Amino acid sequence: MSLIDRITAEPGKMGGRPCIRGLRIRVTDVLEMLAAGATQQEILSDHPDLEAEDISAALAYAAERVDHPVIMIPAAE
């Protein structure tokens, strides 16, 4: 299973938002905990259903989602 395969989205679960392995833990929840300064070990302790690879998957998913091309359109003269 690749890291990205750990991310699921189901229309009837958590509003269709990306979650970790079908759990009711959203990718954004993991990212917000990391941004707030939680360590990987703290997150895993607080959420025993999570695995270390799930945190890596959330980061990989976020990196993939923000990597988009920038299209420069010339200003009208």
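Things worth noting here:
- Dipole in debye (nearest 20) - the chain, about Cα centre, beta carbon charges: Lys, Arg +1; Asp, Glu -1: 260
- Overall, the anisotropy analysis places the range 4-66 in the prolate class: the square-rooted eigenvalues a ≥ b ≥ c of its C-alpha gyration tensor yield a/c not less than 1.5, with a/b exceeding b/c.
Each value in this text was obtained by applying a stated rule to the coordinates, not by laboratory testing. Only a predicted model underlies this, so the values are computations on that prediction, with no experimental measurement involved. Ideal geometry is used to build each Cβ from the backbone, glycine not excepted, and the neighbour counts take in all protein chains shown.
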